[in-house]
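Worksheet: one structure, shown below.
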Amino acid sequence: MREYGFTEQMAHVLTQDRERAGHFDQFWGYLLTLVDGRTELAIQGANWAMIEVASMVNRAGTEITRLPVSPKDLAGWVGRILDGTISHKMAKEVFAAMWDGEGDADTIIAAKGLKQISDSGEIEEIVDQVLAANPKSVEEYKAGKEKAFNALVGQVMKATRGKANPAQVNALLKEKLGGR
């Protein structure tokens, strides 16, 4: 806990048995390299990995030692979440494909066209189109209806087939709608 800055709960989950601790130790080493030693970022990634791995292990009724995703590939997947290449929603799809043996994260992202759109100019263009096509939602949002904002976010995500960076979409919409 002192060395990595883990919470007591994280430390407990990761050290329940020798196999899990060994797997995590390998994963952690790869992940720290990917994030240039930034522990706080690695902890975010470790949380993601713990949740997804535990979920898949439980669903498959298997053990951590039979995990079909290597610690190195797991770290690569987490790296793509942390660097914004894929959204959290896309990450679940990529991890499921990795589990099914379709390749590493980069291979799956390329094959399925899952790279998140993070180009602010491209997102801004789509946001402008959505705002122009949905004047009623714009009016409702300006009148204080938060659901209208969510509807606009949904329209942008629909236009990008879920690939737009959600944080950028929210920020651009708020900026263009006058904040709040």
For this session: Under 13 Å from the Cβ of residue 60, count the other residues' Cβ atoms, weight Lys and Arg +1, Asp and Glu -1, and hand me the total.
Result: -1
For this session: Any chance you could give the angle, 0 to 90 degrees and rounded to 10, that helix 146-159 forms with the longest Cα principal axis of the chain?
Result: 70 degrees
Exercise. Against the longest principal axis of the chain, how steep is helix 18-34, in degrees 0 to 90 to the nearest 10, with axes from Cα atoms?
Worked result: 50 degrees
Exercise. What is the spin-label model distance, in nm, from residue 100 to residue 66 if the labels are put 7 Å beyond Cα along the C-beta direction?
Worked result: 2.0 nm
For this session: For the chain, find the longest principal axis of its Cα atoms and tell me its angle to the long axis of helix 166-176, 0 to 90°, nearest 10.
Result: 20 degrees
Seminar exercise, completed: In terms of the alpha carbon gyration tensor, root eigenvalues a ≥ b ≥ c, rounded if a/c is under 1.5 and otherwise prolate when a/b exceeds b/c or oblate, region 8-112 is oblate
Problem set entry | Relative contact order (percent, whole number), region 120-176, Cα cutoff 8 Å, 6+ residue spacing | 39 percent
Problem set entry | Computed over region 8-129: relative contact order in percent, which uses C-alpha pairs under 8 Å that are six or more apart | 22 percent
Exercise. So what's region 120-176 giving for Cα Rg divided by 2.2 N^0.38 Å, two decimals?
Worked result: 1.00
Problem set entry | Radius, Kirkwood style, for the chain when every pair of distinct Cα atoms is counted (Å) | 18.2 Å
Problem set entry | Among the listed pairs 136/176; 136/174; 112/158; 92/136; 72/92; 136/163, those beyond 23 Å (Cα-Cα) | 92/136; 136/163
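Considering only DSSP states other than H, G, I, E and B, which GluC sites (Glu not before Pro) in region 55-149 qualify as loop sites with at most 13 other Cβ atoms within 10 Å?
When the GluC sites (Glu not before Pro) of region 55-149 are filtered for loop state and at most 13 Cβ neighbours within 10 Å, 63, 102 remain.
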For this session: Give the Kirkwood hydrodynamic radius (Å, one decimal) of region 95-145, defined as one over the mean of 1/r across all pairs of different Cα atoms.
Result: 13.9 Å
Exercise. Convex hull over the alpha-carbon atoms of region 79-180: what's its volume per residue in Å³?
Worked result: 94 Å³
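Only the coordinates and a few stated rules stand behind these numbers; no lab work does. As the structure is a computational prediction, the values presented were derived from the model and not from experiment. With ideal geometry, Cβ positions are generated from the backbone for all residues, glycine too; neighbour counts draw on all protein chains shown.
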